[in-house]
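A short worksheet on the structure shown next.
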Ligand SMILES: Nc1ncnc2c1ncn2[C@@H]1O[C@H](COP(=O)(O)OP(=O)(O)OP(=O)(O)O)[C@@H](O)[C@H]1O
Ligand SMILES: Nc1ncnc2c1ncn2[C@@H]1O[C@H](COP(=O)(O)OP(=O)(O)OP(=O)(O)O)[C@@H](O)[C@H]1O
Ligand code: SF4
Ligand SMILES: [Mg+2]
Ligand SMILES: [Mg+2]
């Protein structure tokens, strides 16, 4: 299998009023046609990692290092023109808030057609035909009429479908999804997840899917990378992470789930709260909350332990499992 | 050591058997301005909602965005007027036998947004002491109480008492809000998405806390959430709402184990799986929830229901008993002789 996305030793630091070491030495890869989940709690660096892949971070205040390769292109080295072709054509992104992707002053049809004209160089009428086709693909009812709709005239679920149509109109090789179902109602969320799963197969795309909800990750991801304090602490197949997590953080997360817990019984918890990211980590970021922490954990960065072909754990405890 | 005194809770009147709260026919419509060509419209936010809350139990309220959960909570708290209906607290009709001032001590609310109910210019300790002061407690006494409550919600008073809301994490702020609610010695606490904004590991901490506090203070909870797993974990009974109405209610195990209303079934089936080898294959229902402005006639679910029949768009189904344990659902399929082709025969079950 070839990797369509290769991220090596990515660091992202924001400067300004306060310094934030948002992403600290993240490496990940995504194979062709694979769905990788980025799972983690608020502030763990999921969105920043995803935005770095499209170079969507504020230029002046952001320091990025490491390498990002997508479909053979060195993303951090792309010039403005190549970058704008790259966005939308090679990789495109969907968000929790469709407002970030959809422009309120243009109709859905015009927005999709504009993107198709720009990336594929086809005529306006061919592009509009493509837009119509895409609205059908994402199962927007009365697609023809909906081409003329403005985003605010649509329900939440429908706007989310329109955003997916826009993102996929130019058949990108990689779809970056940042919690696209988090704001939706339960009965709508599952529809959008199933739609994305189906389109991913149909288009043969690779997907990086960001979520804080492990159930959502299970529904859509093949593999998952668990993030904590700007680092990936464990990567494995969805099954491995759910059934036999090795790092104490995903272990604790799974123990704290209310799913299947007896009513009113004590839930497992992880004491404390995530660290401030004002300095770069020089020890295990989870150590202050970890019940198994050893002297080594607070003295140096944890080792990167390769357990299997797909399984990587950043924890001293994993060394015995390797 | 100084003794910590709390406000005396409202006296228990009717005893164990009398519900702490009885809600009958509660209704709230919001007029919304139509545009130039259409007349005034109405949001049916809460429509003829009735239920009881027994002393010491936890009642969960679930349903999709806009179905009226928060409006119901605000009406119970008398934060807004209702159009019609009765709210009876421990046998006393609110506004008649029970003053609003007493009601607001007996009933407290915790909101999703942990910032919303904390004054940014008050320290945490001052925020917690504020309510008791308003109700006549001396400053020094209220301060002692506040510090005691901080300890009870797991925040060391020495570390946290003098901090401001923006100086603590979301999970810690939610603990402060819970302490603030408890400062008035309420008997009923309404938690409106109180853990929804928290990370999972922190959510578990706060849920444990809520379970402990309930035991310690003998509290009764109304727990509003869109997370069905959390509701199952914490609730004894549950109400399922759809477009302003209660479509099913009953003991949580009965409703979750044997959901009768097609909407309840859809909600449960829409929950993401926890088993990678058993992913969801089909969406239980299609489309978005309709707009609560001028909702569908008769059964409000008929526009999305997989089992819709002629009667469903003609006659509004009423809540009917499913078992003897208080499990009720409002669907024509559950009522013999309703005219729905899937209803039991007219003599069935008798
Ligand atoms: N433009 C920015 N400038 C400064 N700090 C930022 C910026 N964007 C993000 N951060 C910080 O970087 C850290 C990681 O943020 P990120 O948005 O990646 O978190 P996340 O994992 O996506 O969380 P959530 O689940 O809340 O979306 C946070 O501390 C955040 O405050
Ligand atoms: N003050 C108001 N004026 C007009 N409409 C309102 C007002 N408050 C609520 N509504 C409407 O009433 C309906 C019910 O709202 P409510 O906030 O009770 O829903 P909810 O079930 O709490 O939803 P959520 O899960 O999103 O919190 C919605 O359609 C809402 O837009
Ligand atoms: S009454 Fe009819 S439309 Fe309503 S839920 Fe029952 S079967 Fe469906
Ligand atoms: Mg994010
Ligand atoms: Mg609400």
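Answer yes or no as to whether residue B:80 is more than 14 Å from chain A (Cβ to nearest Cβ) and within 16 Å of ligand 5 (Cβ to nearest atom). In short, yes. When segment A:208-242 is filtered for residues that are away from ligand 4 (no atom under 16 Å from the Cβ) and farther than 21 Å from residue B:281 by Cα, the ones remaining, listed by number, are A:233, A:234, A:235, A:236, A:240, A:241.
Here's the yes/no breakdown for (1) crowded, with 17+ Cβ neighbours inside 10 Å; (2) closer than 23 Å to residue B:224 by Cβ; (3) within 14 Å of chain A (Cβ to nearest Cβ):
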site: B:90; (1), (2), (3): yes, yes, no
site: B:94; (1), (2), (3): yes, yes, no
site: B:129; (1), (2), (3): yes, no, no
site: B:137; (1), (2), (3): yes, no, no
site: B:146; (1), (2), (3): yes, no, no
site: B:160; (1), (2), (3): yes, no, yes
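Take the conditions (1) assigned to a loop (DSSP other than H, G, I, E, B); (2) surrounded by 16 or more Cβ atoms within 10 Å (Cβ to Cβ); residue A:87 misses just one of them, which is (1).
Anything in segment B:300-333 that is more than 13 Å from residue B:264 (Cα to Cα) and not in a loop (DSSP other than H, G, I, E, B)? List them, or say none. B:310, B:311, B:312, B:313, B:320, B:321, B:332, B:333 - these are the residues of segment B:300-333 that are more than 13 Å from residue B:264 (Cα to Cα) and not in a loop (DSSP other than H, G, I, E, B).
Which numbered condition in (1) in contact (Cβ under 8 Å) with a residue 60 or more places away in the chain; (2) within 14 Å of chain B (Cβ to nearest Cβ) is the only one that residue A:190 fails? Of the numbered conditions (1) in contact (Cβ under 8 Å) with a residue 60 or more places away in the chain; (2) within 14 Å of chain B (Cβ to nearest Cβ), the odd one out for residue A:190 is (1).
Looking only at residues in segment A:105-157 that are more than 22 Å from residue A:197 (Cβ to Cβ), assigned to a helix (DSSP H, G or I) and within 14 Å of another protein chain (Cβ to nearest Cβ), the one that is modelled with the highest pLDDT is A:146.
Taking the criterion of being farther than 23 Å from residue B:270 by Cβ and assigned to a loop (DSSP other than H, G, I, E, B), the residues of segment B:56-89 that qualify are B:56, B:57, B:77, B:78, B:79, B:80, B:81, B:82, B:83. With respect to residue B:175, is the statement that it is within 14 Å of chain A (Cβ to nearest Cβ) and under 20 Å from residue B:106 (Cα atoms) true? Spelling it out, residue B:175 is indeed within 14 Å of chain A (Cβ to nearest Cβ) and under 20 Å from residue B:106 (Cα atoms).
Output the residues belonging to segment B:106-115 that are modelled with pLDDT of 90 or more and touching a helix residue (DSSP H, G or I) at 6+ places or on another chain (Cβ under 9 Å). If the condition is that a residue be modelled with pLDDT of 90 or more and touching a helix residue (DSSP H, G or I) at 6+ places or on another chain (Cβ under 9 Å), then B:107, B:108, B:109, B:110 are the ones that fit.
Out of segment A:212-229, which residues are at pLDDT 95 or above and in contact with a helix residue (DSSP H, G or I) (Cβ under 8 Å, 6 or more places away or on another chain)? Hits for segment A:212-229 are A:216, A:217, A:218, A:219, A:220, A:221, A:222, A:223, A:224, A:226, A:227, A:228. Considering only segment A:7-29, how many residues are assigned to a strand (DSSP E or B) and surrounded by fewer than 16 Cβ atoms within 10 Å (Cβ to Cβ)? Here the count works out to 2.
The values are calculated or read from the model by the stated rules, or taken from the named source; none is laboratory data. What you are looking at is a predicted structure, and each value in this text was computed from that prediction instead of being measured. Cβ atoms come from the backbone with ideal geometry, glycine included; neighbour counts cover every protein chain shown.
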